[in-house]
Amino acid sequence: MTGARIAAAWRRVPAAVRVPLRLATLLLAVSFVTFALVAASPIDPVQANAGQAAMLSMSPERQAALAARWGAGTGLLERYGTWLSGALGGDLGESLRYNAPVVQVVAERFANSAVLLALAWALSGAIGLVLGVAAGARRGSLCDRAVSLYCYVLSATPAFWLAIVALMVFAVGLGWFPVGFSAPIGASGAVSLAERARHIALPALVLSCTGVANVALHTREKTIEVMGSPYVRFARARGEGELSVVMRHGVRNLVLPAITLAFAQVSEIFGGSVLVEQVFSYPGLGQAAVTAGLGGDAPLLVGIALASALIVFAGNLVANALYGVVDPRLRAHRTDAGRSGAGRQVAGRGALAKDDMKGAGDVG
């Protein structure tokens with residue numbers, strides 16, 4: 001009962017207070033876990049950043065000075081406390097590998113990754129939704145079997161292997177796309193939008209594949225469920241064509257699950273960008289994360305982890321806000337604080353089904 005009372009009391013807290021508290025707790029936990037993982041890593045930041053040759057010719061005093069600057073040998077709690085005191089004032093520290101403030105490095109790399117992530121996210125959601133609806137509407141057909149096989153193979157394919165194959169076939173072999181980077185090598189002036197689009201097209205397509213399978217398979221199951229419902233059978237009995245049934249009754253009930261899953265894919269796509277950007281030498285947050293990890297750059301790793309946590313949190317927040325925009329009928333069900341999340345979803349689907357039956361009866 002104590003846990004239930006705490007949960008009920010928490011739900012009575014205004015959303016304007018709950019959301020910032022959740023975000024602050026999330027960022028605090030992410031930053032501490034990242035520092036703990038870096039502290040447990042066997043990588044010596046001094047040796048990784050200075051190099052073996054430089055270490056051999058470096059005096060012990062110089063090595064000690066570098067170790068003190070990079071926090072080597074400092075306890076986890078002491079190092080995290082020092083970083084946290086500066087972070088509360090807006091200073092996330094200085095990157096060891098880039099020799100620049102973490103905020104500046106993250107902002108520059110995020111500007112490159114933002115377009116890539118947005119394109120990959122939009123493509124994965126759109127392609128997955130179309131494939132899932134096409135397969136679910138024609139269950140057992142050749143299209144259904146082909147889409148299912150494609151999704152199973154795609155979900156079992158590592159992102160880095162897919163990126164390497166795409167790079168070898170479409171960039172090296174066929175020459176349709178550049179080999180990598182976000183701009184032509186040696187470009188010193190302004191790069192045209194068309195040239196940037198050529199450089200980002202192949203990484204975006206490969207990265208979008210990481211989310212297509214989940215969206216397509218989930219949408220397929222939902223489509224099968226919707227197409228077997230009573231109001232769809234009633235619409236077919238009235239003589240509606242297959243396309244009309246899918247568009248009027250199927251897609252309408254698939255929008256909310258698709259939106260929820262699409263925004264849940266944000267974290268997976270962001271994680272896939274680490275490998276894809278590394279393969280294509282794309283200067284984004286993913287490549288910076290690999291560089292920071294190999295160099296034991298804890299401040300930069302924490303900054304990138306916080307940026308990724310903010311992106312995922314914002315995606316989930318937008319998904320919740322879009323519920324009422326997509327279908328205002330669900331607002332009444334969301335106001336009941338005593339219901340569980342699963343109860344609200346069942347109630348929402350029931351409301352959609354009842355309204356569709358009512359609308360079908362009115363037309364008939």
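The values are calculated or read from the model by the stated rules, or taken from the named source; none is laboratory data. On a predicted model such as this, the values are computed, not experimentally measured, just so you know. When we count neighbours, we look across all protein chains shown, and the Cβ atoms used for this are built from the backbone with ideal geometry, even at glycine.
Quick notes on this structure:
- Residue within segment 267-275 that is surrounded by fewer than 23 Cβ atoms within 10 Å (Cβ to Cβ), in the same structural domain as G315 (by TED's automatic domain parsing), under 24 Å from G125 (Cα atoms) and small (G, A, S) present: yes
- Positions within segment 147-173 being under 19 Å from V215 (Cβ atoms) and crowded, with 19+ Cβ neighbours inside 10 Å, in sequence order: V147, C151, A159, L162
- Within segment 277-305, the set of residues being touching a helix residue (DSSP H, G or I) at 6+ places or on another chain (Cβ under 6 Å) and of a type in the set (A, V, I, L, M) comprises V279, L285, A288, A289, V290, A292, A298, L300, L301, V302, I304, A305.
- Top-ranked residue in segment 294-317 [being assigned to a helix (DSSP H, G or I) and more than 20 Å from the chain's Cα centre (by Cα); ranked as farthest from A24 (Cα to Cα)]: L294
- Looking across segment 96-111, just one residue is modelled with pLDDT under 85 and surrounded by 21 or more Cβ atoms within 10 Å (Cβ to Cβ), and that is L96.
- Members of segment 74-95 found to be closer than 16 Å to L27 by Cβ and surrounded by 19 or more Cβ atoms within 10 Å (Cβ to Cβ), listed by number: Y80, W83, A87, L92, G93
- Taken over segment 1-47, the criterion of being of a type in the set (D, E, K, R) and under 30 Å from G293 (Cβ atoms) is satisfied by R22, D44.
- Subset of segment 176-190 (residues that are modelled with pLDDT of 70 or more and surrounded by 11 or more Cβ atoms within 10 Å (Cβ to Cβ)): W176, F177, P178, V179, G180
- Subset tally (residues that are assigned to a helix (DSSP H, G or I), polar (S, T, N, Q) and either surrounded by fewer than 23 Cβ atoms within 10 Å (Cβ to Cβ) or not assigned by TED's automatic domain parsing to the domain that holds I127 (or both)) for segment 209-235: 1
- Identity of the residue in segment 112-141, outside any helix (DSSP H, G or I) and not hydroxyl-bearing (S, T, Y), that ends up surrounded by the fewest Cβ atoms within 10 Å (Cβ to Cβ): G140
- The residue of segment 31-50 that is nearest to the chain's Cα centre (by Cα), among those that are surrounded by fewer than 18 Cβ atoms within 10 Å (Cβ to Cβ) and at pLDDT 85 or above, is V33.
- One residue stands out in segment 73-93 among those that are touching a residue at least 60 places away in the same chain (Cβ under 8 Å) and not in a helix (DSSP H, G or I): the one that is nearest to P45 (Cα to Cα), namely G93.
- Residue match in segment 297-315 (condition: modelled with pLDDT under 80, in the same structural domain as F234 (by TED's automatic domain parsing) and among the acidic types (D, E)): no
- Hits in segment 9-30 (condition: at pLDDT below 75 and either of a type in the set (F, W, Y) or part of a helix (DSSP H, G or I) (or both)): A9, W10, R11, A15
- Checklist (1) surrounded by fewer than 21 Cβ atoms within 10 Å (Cβ to Cβ); (2) at pLDDT below 85; (3) farther than 25 Å from N112 by Cβ applied to D144, failing item: (2)
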